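All remarks here apply to the structure that follows.
The values are calculated or read from the model by the stated rules, or taken from the named source; none is laboratory data. These figures come from a predicted structure and were not determined experimentally. Reconstructed Cβ throughout: ideal geometry from the backbone, glycine too, with neighbour counts over all protein chains shown.
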């Protein structure tokens, strides 16, 4: 038996340890076995992939030759620009053509595209059509350059990883599919990136989850460390992420540790909080507060839809008048059409299409 000592990125090591623990329940005695198995499988897969690449490239060359012959027979008296382009692409490998395709997509699409638009882009960028296009779609997915809508029956491909991750989380919450199953078509780097993104999202939502879980209408803070850990475990549906999410909560300043326990930044006991509001004889302006809160959400949010827990967390953070019911502010946001609450407990700007109707936004292919 050989002892291995190589330099590997920390995130790869941690991801591999977590994978082994998920499979065997413990890393003891299993890390070496799984590493050996992974190395053998990688070599076998690489040999098979190289063979497939040769077959695919030969098929592409054959298609290009046939296309050139057709061009020459149809336009023998002229120099065809498309023919010259095909000749230059003819000498490139699939990875090089994939790079050209990625550059084309970066220029032409910054958000999402339909299957028909994707197939047209592959044809225009690298002159590849027919069944060979499937190889490039797979390459784009594995590299994390293109993401298929996880619902399967929706004809949308995303360029934004963050937007795609939001769709994955929603789909996993609404179905029996796990995120591991949904992301099976992508490289380990994409799956690892999703876990890091999800931990960030869960960390940001913990304060509002503590409020929702509270048995009273009062603010639940301060909370003990055990209460915080229980909330993280419940949110993540696993105890293995407690340390990671807890570290994010501290690092991002979502909650801070004080003598009494864990509280939001600048938290004050209720009897000292916003004392000026009790002297407001006319009462707070709910409509104005709703407008301010909605604008804050629109400014903060990069990807839509936003989950209800996120929206309510922002509402509580921005509503600084004692005695105001968050539900009143929610109702005012809805009544003023500042944001639209979907049936799936998601929110979008009032002018944005419902995410479930995304398939009608783009033309379908055939």
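The rows are residues; the columns are (1) at pLDDT 80 or above; (2) outside the structural domain of residue 249 (by TED's automatic domain parsing); (3) within 15 Å of residue 333 (Cα to Cα).
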| position | (1), (2), (3) |
| --- | --- |
| 285 | no, yes, yes |
| 288 | yes, yes, yes |
| 295 | yes, yes, yes |
| 298 | yes, yes, yes |
| 302 | no, yes, no |
| 309 | no, yes, no |
Exercise. Among the numbered criteria (1) over 22 Å from residue 110 (Cα atoms); (2) crowded, with 16+ Cβ neighbours inside 10 Å, which single criterion is violated by residue 184?
Worked result: (2)
Problem set entry | Any chance residue 105 is in contact with a strand residue (DSSP E or B) (Cβ under 9 Å, 6 or more places away or on another chain), closer than 26 Å to residue 167 by Cα and either assigned to a helix (DSSP H, G or I) or modelled with pLDDT of 85 or more (or both) | yes
Exercise. Under the condition of being in a helix (DSSP H, G or I), over 19 Å from the mean Cα position of the chain (by Cα) and touching a residue at least 40 places away in the same chain (Cβ under 8 Å), which residue from region 128-160 is farthest from residue 187 (Cα to Cα)?
Worked result: 130
Exercise. Do you know which of the residues in region 109-124 that are surrounded by fewer than 16 Cβ atoms within 10 Å (Cβ to Cβ) and more than 13 Å from residue 158 (Cα to Cα) is nearest to the chain's Cα centre (by Cα)?
Worked result: 116
For this session: Tell me, please, whether a residue that is exposed (fewer than 11 other Cβ atoms within 10 Å of the Cβ), on the phi > 0 side of the Ramachandran plot and either within 29 Å of the chain's Cα centre (by Cα) or modelled with pLDDT under 80 (or both) can be found in region 42-54.
Result: no
Exercise. Has region 2-10 got any residue that is out of contact with any strand residue (DSSP E or B) (no Cβ under 9 Å at 6 or more places or on another chain), surrounded by 10 or more Cβ atoms within 10 Å (Cβ to Cβ) and in a helix (DSSP H, G or I)?
Worked result: no
Exercise. With 210, 202, 140, 146 as the choices, which residue is at pLDDT 95 or above, buried (at least 18 other Cβ atoms within 10 Å of the Cβ) and in contact with a helix residue (DSSP H, G or I) (Cβ under 8 Å, 6 or more places away or on another chain)?
Worked result: 202
Problem set entry | Output for region 161-179, where each listed residue is assigned to a helix (DSSP H, G or I), without any contact (Cβ under 8 Å) to a residue 40 or more places away in the chain and over 13 Å from the mean Cα position of the chain (by Cα) | 173
For this session: Keeping to region 232-271, report how many residues are in contact with a strand residue (DSSP E or B) (Cβ under 9 Å, 6 or more places away or on another chain), touching a residue at least 40 places away in the same chain (Cβ under 8 Å) and either crowded, with 18+ Cβ neighbours inside 10 Å or assigned to a loop (DSSP other than H, G, I, E, B) (or both).
Result: 6
